[in-house]
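Peer 1: Structure in C-alpha cells, see below.
No lab work stands behind these numbers, since they all come straight from the coordinates. These numbers come from a predicted model, not from an experiment. Positions of Cβ are generated from backbone atoms using ideal geometry, with glycine treated the same way; all protein chains shown enter the neighbour counts.
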Amino acid sequence: MQTARSRGVIACRTCGTLYTGKQGSCDVCGSPLSSRLPHSLQRTWAFFFAGLAAYIPGNLLPIMVTATPQGESASTIMGGVITLIHHGSYGIALVIFIASIAVPVSKFAVIAWISLSIQWNLASDERSRHHAHELVELLGSWSMVDVFVVAALAALIQLGAVMSVTPGPGAEFFALSVALTMLSARSLDTRLIWDSPDD
Amino acid sequence: MERRYDIHRRDSASEWTALNNEFVACRSCDALLPRPTVSLGQQARCPRCHSVILTNKSQSAERVVALMLASALLFVLAVFYPFLKMQSSGLSNEISVADATLVLWNSGYPVLSVACMLLILAIPLARILLTFAVALALLSDKRVTPTVRHMYGAAIRLAPWSMADVFMLGVIVSLVKVGQLADISVGIAFWSLVALSLVSALASASMCADTLWQRARHS
C-alpha cells in the first residue's frame, strides 16, 4: 500500500492537507504537523501509567459523603453501584458500572494491547486494533459521568441538618484518571498500527 | 488523464495545489490515494482502514449557522435560568448549572471545580462560538482567512473535551438517585441543556469540514 510517508508526503491529521518537506504547523488549520506523532508510544505509556496510578485511589477512596442525622456514610464508585442494585435501580446501576468500571478497565487493556503490539511487532489484525482505538476515543469522555453525578448531587442535596452530600477525594482522582487516559489514547498515533516493520 | 506527477518535486505553490487536488491521505492510517470525486450527500472511505476520508454534505453552512444560533440561545437559557429544584421535609433547594461546579470549589476541590467548569461550560461555549464564526465565513462567499480556519482547527481539537452531554447523563442519573427521597422539579435550564446536547450532535454531523479545508487551500 502506498502511504503518504512512503512518498515523502506529510498529511495534516486535523484537515488532511498534504505537504512535502514542511515542518511546524499546518498552513490551513494551524495544527502541529508530523508524519507520525513524535514519541507517540512514550507519551502514550506515560499518560497510561499516570492514569492507572490515579485510577486506584479513584476507586478506593469515597467519591461522595452523605451526612444525615443518623451519621455520615461515605461511598465509593463500586459501593454506589451496589447501593443502586439494592434499591432496584438496575438500569442506572448498569449505566454507572459501564461508564465508571467496564469502560475505564477496557480502555487500559486496549491501549496496552495496541501499544505493545506496535512495540513488539506482534502479528495482529490491524483493522480490529484500529476499531478498538476508535471506540476508546469515542467512549473516553463518558467515563466522567460519575464525577458529574457527584457534582449534581452535592449541589442539589443541601438540606441543612436533614441531609447533605459532599464530594469525596475519590472524585478528584477519578476525574484525573479519565483525563489522563483520554490523553493517553490521543497520544497513540493510529498510523503506527498500519506501518509495516520493514518500512 | 495519465499525467505522471512527481510528488518529490519541491514546494512551489502550484505544485502544492496540484498535490492536494490530485491526492488525499487517510488521516487515520496514512494511505495515499488518488483524490476521489464525492457527489453531494456521499462520503468516501479509506479502502484500507475504512475511516471516512472525504465528505460532501449538502447545505452544510446554512444548517450549521442555524444550529449554532439555536445553540447560543440555549446556552444562555441554560446558564441564567433555574436548573433543578428539590423539596423534602419542608425544605427546598434550587440550583443553577454553575452551582454544580461551584459546590466542588466550596467543598475544597478547586482544581476539580475549575476542570468541570471548563468541561461543562467554557469549552462547549468556545466550540459554539468558533463553529458559528466558521460557518458564517463559509456562508458568505469571501475567502477563508487564516484566523477563521485556525479557529476551526482549534474547535476540532477541543471536541473531545466538550462534555455538556456527559454532564446531562450524570444529572439524569442523579435525578433517579434522588427521586426516591425528595420531590424534584426541573427548570428551563435543564431542558435547554438537553436540547443543546442534541443540537450540538446535529451540528457536528452537519458540518462539512472538507468543504472548508478545500476552499481554504484555494484562497
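Peer 1: Give, rounded to the nearest 20 debye, the magnitude of the charge dipole that region A:139-199 has about its Cα centre when Lys and Arg contribute +1 at Cβ and Asp and Glu contribute -1 at Cβ.
Peer 2: Numbers: 2 positive and 6 negative charges, 79 e Å.
Here region A:139-199 has a charge dipole of around 380 debye.
Peer 1: Among B:103, B:132, B:146, which residue has its Cα furthest toward the positive end of the charge dipole of region B:73-154, with +1 on Lys/Arg Cβ and -1 on Asp/Glu Cβ?
Peer 2: B:146
Peer 1: When the Kirkwood radius is taken over all Cα pairs of the protein assembly as shown, what Stokes-Einstein diffusion coefficient follows at 4 °C and 1.567 mPa s, in µm²/s?
Peer 2: Details: Rh = 23.4 Å.
My calculation gives 55 µm²/s for D.
Peer 1: Got a sec? Charge dipole of chain B, +1 on Cβ for Lys and Arg, -1 for Asp and Glu; which of B:52, B:71, B:33 is way out at the positive end?
Peer 2: Checking the options against the dipole of chain B, the answer is B:33.
Peer 1: Can you give me the Cα centroid spacing of region B:20-42 and region A:164-199 in angstrom?
Peer 2: The two parts, judged by their Cα centres, are 30 Å apart.
Peer 1: Now, a different point. In whole Hz, what ³J(HN,Hα) sequence does region B:89-100 give by Karplus (6.51, -1.76, 1.60; θ = phi - 60°), x for Gly and Pro?
Peer 2: Per residue, the Karplus-derived 3J(HN,Hα) values read 6, x, 9, 9, 8, 10, 10, 9, 4, 4, 4, 5 Hz.
Peer 1: Can you give me the C-alpha center-to-center distance between region A:99-149 and region B:168-192, rounded to a whole angstrom?
Peer 2: Here the answer is 31 Å between Cα centres.
Peer 1: Near residue B:85, which lysines are there with a Cα under 17 Å away, not counting those fewer than 8 places off in the same chain?
Peer 2: B:177
Peer 1: Further question: Farthest toward the dipole's positive end in region A:75-199, which of A:168, A:120, A:104, given Cβ charges of +1 (Lys, Arg) and -1 (Asp, Glu) about the Cα centre?
Peer 2: The Cα lying farthest towards the positive end belongs to A:168.
Peer 1: Another question about this same structure. With equal scatterers on the alpha carbons only and no solvent term, can you work out the Debye log10 of I(q)/I(0) for region A:31-140 at 0.10, 0.16, 0.17, 0.22 1/Å?
Peer 2: Taking Cα atoms of region A:31-140 as identical point scatterers yields -0.44, -0.87, -0.94, -1.25.
Peer 1: Next question, about the same structure. In the calculated pair distance distribution of region B:63-111, what percentage of Cα-Cα distances lie above 12 Å?
Peer 2: Numbers: 841 of 1176 pairs.
Counting pairs separated by more than 12 Å, the tail of P(r) holds 72 percent.
Peer 1: Over all residues in A:96-104, what is the mean tally of Cβ atoms on other chains that come within 10 Å of each residue's Cβ?
Peer 2: 1
Peer 1: Nothing charged except the Cβ atoms of Lys and Arg (+1) and of Asp and Glu (-1): what's the magnitude of the dipole of chain B about its Cα centre? Round to the nearest 20 debye.
Peer 2: Numbers: 19 positive and 13 negative charges, 139 e Å.
I would put it at about 660 debye.
Peer 1: Next question, about the same structure. Would you report the distance distribution of C-alpha pairs in chain B as whole percents per 5 angstrom bin, up to the bin with the largest distance?
Peer 2: Taking all Cα pairs of chain B, the binned fractions are 1, 6, 11, 14, 15, 13, 10, 8, 7, 6, 4, 3, 1, 1, 0, 0, 0 percent.
Peer 1: Output the peptides B:191-203, A:76-88, A:149-161 sorted from most to least packed, where packing is the average of other Cβ atoms within 10 Å over each peptide's residues.
Peer 2: Details: B:191-203: 19.2, A:76-88: 16.3, A:149-161: 23.6.
The densest-packed peptide leads the list: A:149-161, B:191-203, A:76-88.
Peer 1: Turning to a different aspect of this structure: Could you tell me the calculated FRET efficiency between residue A:102 and residue B:40, based on Cβ-Cβ distance and R0 = 41 angstrom, to the nearest 0.05? Don't skip to the end; give the middle numbers.
Peer 2: Working: r = 40 Å, r/R0 = 0.99.
According to the calculation, E is roughly 0.50.
Peer 1: Let me ask something else about it. Run down the lysines and flag those whose C-alpha is under 16 Å from the C-alpha of residue B:57, throwing out any fewer than 8 positions away in its chain.
Peer 2: Partners within reach: none.
Peer 1: Alpha carbon centre of region A:1-74 versus region B:84-127: separation in Å?
Peer 2: When both Cα centres are located, 27 Å separates them.
Peer 1: Starting from one equal scatterer on each C-alpha and no solvent at all, send me the Debye-based log10 I(q)/I(0) for region B:138-219 at q = 0.16, 0.26, 0.27 Å⁻¹, two decimals.
Peer 2: -0.75, -1.25, -1.29
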